[in-house]
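I have placed the structure first, in the form of structure tokens, so that the comments after it can refer back to it.
The values are calculated or read from the model by the stated rules, or taken from the named source; none is laboratory data. Note that the structure is predicted; figures quoted are calculated from it, not measured. When the accessible area is computed, the model is the full protein with side chains, heavy atoms only, and any ligands, DNA or RNA have been set aside. Shrake-Rupley method; radii C 1.70, N 1.55, O 1.52, S 1.80 Å.
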Amino acid sequence: MVTFFRHMGVEDKIVNHLQRKGLTGKKFSSLRDADLETIGIKNPIVSYFRDRSKSSKKNVPFML
């Protein structure tokens, strides 16, 4: 997640804070729009990535 935020141009101060808080992909997918605004990372690309990070039963691989 840290690498993603750095490539997105998020300030180092915010990235370090998220790293200290232990933000994982699972936690990131559960953030709301209000949470993203509070953190200061709300933009359409981050929102799209967050929406795609949510697990769904459609993404389960086919197994015999």
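Rounded, prolate or oblate: pick one for the range 1-50, where a ≥ b ≥ c are the square roots of the eigenvalues of its C-alpha gyration tensor, a/c under 1.5 means rounded, and failing that, prolate if a/b is larger than b/c, else oblate. Since a/c stays below 1.5, the shape of the range 1-50 is classed as rounded.
In this view, the solvent-accessible surface of S53, computed with a 1.4 Å probe and all protein chains in place, comes to about 40 Å².
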